[in-house]
Amino acid sequence: MVITDVDLWTLDYDSITKQAGGNPTGESRPQNETFCVEIRTDTGDRGVAVNRGGGESACKLIDDYFRPILEGSDPARIEHLWQEMYDALPTARGGLSYMALSGIDLSLWDLKGRATGRPVYDLLGGAVREELPCYVTVFPNTMESLSDEGFIGVKIPTTALPKDGRRGLDELERKVARAREYFGETAKIMIDCFMDWNKEYTVRAADRLQKYDLKWVEDPLPAGHTIQQYRDIRNEVKPIQIAVGNVEFGHRSFHQLVNQGAADLVQPDIQWIGGMTEMNRVGHIAKPMGIPVIPHRSNIYSCHYALARHDTPYVEYMLGRGTEVQPVRPAADGELVPSNGTITVPTKPGFGIELNKSILNRFVDSE
């Protein structure tokens with residue numbers, strides 16, 4: 001079996017808007033712009049992936065640098081192809097490069113699953129649980145509508161900034177108090193800081209929120225060069241945990257975070273970090289240290305990873321601005337959606353999704 005074709009697609013925003021009567025999905029351009037991959041082989045096997053991040057720029061990089069490596073190669077050699085593509089990258093190995101690499105890697109895992117007739121979690125060692133619990137990430141003004149959907153907890157984005165001082169902390173406390181009221185005493189309550197805080201504000205916020213049994217504070221500091229600060233913060237805010245890593249790229253960054261004591265749990269984004277291949281490497285780094293891996297964002301790929309890992313006990317379901325549990329990625333048909341706060345183990349081969357080509361444009365390099 002060899003790869004014969006690598007087709008690339010981007011979102012047709014006019015079609016999305018027309019079909020949805022607006023744009024409730026949260027898809028945006030150019031930030032986090034989705035691109036899709038379809039890899040085909042001479043045996044008729046195929047693999048697809050929907051990757052949120054990179055858009056046309058990622059397609060351009062794949063077309064110029066990855067396509068010559070992939071076409072004519074054995075798709076089963078995923079580790080080898082990953083390294084070949086990584087070595088071929090012409091730019092700094094950061095966000096865009098890893099997003100492009102993620103899309104190809106995930107489509108190769110999908111192809112391997114389809115070709116063998118097995119779900120991807122079986123290729124990773126098999127399911128370790130029958131159901132996968134989810135927590136929900138939702139804006140504070142829609143928390144109440146989702147509080148009885150069976151989620152094990154809720155994470156709320158915060159708009160408070162250090163410059164807001166006590167006023168910002170007062171508003172944040174009110175939001176966390178409402179989350180505790182809506183979701184109950186046993187729910188996990190988390191906050192996402194979008195890397196907008198500093199060390200002092202993080203400690204002050206944690207001190208204020210201790211009485212609500214806050215589970216974790218997510219990404220309070222800007223990414224990079226924050227290991228010592230995170231170590232200090234962890235010691236000052238216990239038992240509240242520090243969750244980091246959704247905009248770290250590559251396993252080396254997580255090796256530093258984990259082995260230098262900068263995180264209580266790590267949150268790599270499988271669509272940004274380098275795909276399932278790189279996600280597995282992060283898991284192997286974190287496991288000996290007893291650090292849970294809780295993937296960033298809701299997607300089919302995180303679910304397959306979590307189903308095969310004891311140290312990933314639950315995943316995120318990110319609803320954004322919606323008010324009902326529903327699929328959130330229009331480019332993917334077959335996306336897993338939680339019922340009563342849990343996801344049932346899927347049985348379809350590969351990742352079990354198809355591309356919704358009615359809202360996609362085939363990428364054609366204009367240069």
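Tally up the residues in the range 317-357 that are touching a Cys at 6+ places or on another chain (Cβ under 7 Å) and in contact (Cβ under 8 Å) with a residue 60 or more places away in the chain, please.
Of the residues in the range 317-357, the ones touching a Cys at 6+ places or on another chain (Cβ under 7 Å) are 317, 331, 336, 338, 341-343, 355.
Then drop every residue that is not in contact (Cβ under 8 Å) with a residue 60 or more places away in the chain, which leaves 317, 331, 338, 341-343, 355.
Of the residues in that region, 7 qualify.
Look at E335 and say whether it is closer than 15 Å to C134 by Cβ and not in a loop (DSSP other than H, G, I, E, B). Before the answer, list the steps.
Numbers: closer than 15 Å to C134 by Cβ: yes; not in a loop (DSSP other than H, G, I, E, B): no.
Here the answer is no, as E335 does not meet what is asked.
Answer yes or no as to whether G54 is within 16 Å of the chain's Cα centre (by Cα), surrounded by 15 or more Cβ atoms within 10 Å (Cβ to Cβ), modelled with pLDDT under 95 and under 19 Å from M276 (Cβ atoms). Break it down stepwise before answering.
Values: within 16 Å of the chain's Cα centre (by Cα): yes; surrounded by 15 or more Cβ atoms within 10 Å (Cβ to Cβ): yes; modelled with pLDDT under 95: yes; under 19 Å from M276 (Cβ atoms): yes.
Spelling it out, G54 is indeed within 16 Å of the chain's Cα centre (by Cα), surrounded by 15 or more Cβ atoms within 10 Å (Cβ to Cβ), modelled with pLDDT under 95 and under 19 Å from M276 (Cβ atoms).
Please enumerate the residues belonging to the range 306-315 that are in contact (Cβ under 8 Å) with a residue 40 or more places away in the chain and surrounded by fewer than 24 Cβ atoms within 10 Å (Cβ to Cβ). Reasoning before the result, please.
Initial filter on the range 306-315 (in contact (Cβ under 8 Å) with a residue 40 or more places away in the chain): 306-310, 313-315.
Across the range 306-315, the qualifying residues are A308, R309, H310, P313, Y314.
The rows are residues; the columns are (1) hydrophobic (A, V, I, L, M, F, W, C); (2) assigned by TED's automatic domain parsing to the domain that holds A100; (3) at pLDDT 95 or above; (4) more than 20 Å from L108 (Cα to Cα).
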| position | (1), (2), (3), (4) |
| --- | --- |
| I227 | yes, no, no, yes |
| I242 | yes, no, yes, yes |
| K287 | no, no, yes, yes |
| A306 | yes, no, yes, no |
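Looking at this structure, is G261 assigned to a helix (DSSP H, G or I), of a type in the set (G, A, S) and either surrounded by fewer than 22 Cβ atoms within 10 Å (Cβ to Cβ) or without any contact (Cβ under 8 Å) to a residue 40 or more places away in the chain (or both)? Working first, answer last.
Details: assigned to a helix (DSSP H, G or I): no; of a type in the set (G, A, S): yes; either surrounded by fewer than 22 Cβ atoms within 10 Å (Cβ to Cβ) or without any contact (Cβ under 8 Å) to a residue 40 or more places away in the chain (or both): yes.
For G261, the condition - assigned to a helix (DSSP H, G or I), of a type in the set (G, A, S) and either surrounded by fewer than 22 Cβ atoms within 10 Å (Cβ to Cβ) or without any contact (Cβ under 8 Å) to a residue 40 or more places away in the chain (or both) - is not met.
Yes/no matrix, rows are residues, columns are (1) small (G, A, S); (2) modelled with pLDDT under 95; (3) within 19 Å of the chain's Cα centre (by Cα); (4) at negative phi:
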| site | (1), (2), (3), (4) |
| --- | --- |
| F183 | no, no, no, yes |
| W197 | no, no, no, yes |
| T202 | no, no, no, yes |
| K211 | no, no, no, yes |
| G224 | yes, yes, yes, no |
| N246 | no, yes, yes, yes |
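Restricting the search to the range 308-327, which residues are assigned to a loop (DSSP other than H, G, I, E, B) and at pLDDT below 95?
Of all residues in the range 308-327, those assigned to a loop (DSSP other than H, G, I, E, B) come to 308-314, 321-327.
Those that are assigned to a loop (DSSP other than H, G, I, E, B) and at pLDDT below 95: R321, G322, T323, E324, V325, Q326, P327.
Considering V282, V325, which residue is touching a Pro at 6+ places or on another chain (Cβ under 9 Å) and surrounded by fewer than 22 Cβ atoms within 10 Å (Cβ to Cβ)? It would help to see each step written out before you state the result.
Values: V282 fails: surrounded by fewer than 22 Cβ atoms within 10 Å (Cβ to Cβ).
It is V325.
The values are calculated or read from the model by the stated rules, or taken from the named source; none is laboratory data. Computed from a predicted model, the values in this text were never measured in an experiment. Using ideal geometry, Cβ is built from the backbone for each residue, glycine included, and neighbour counts are taken over all protein chains shown.
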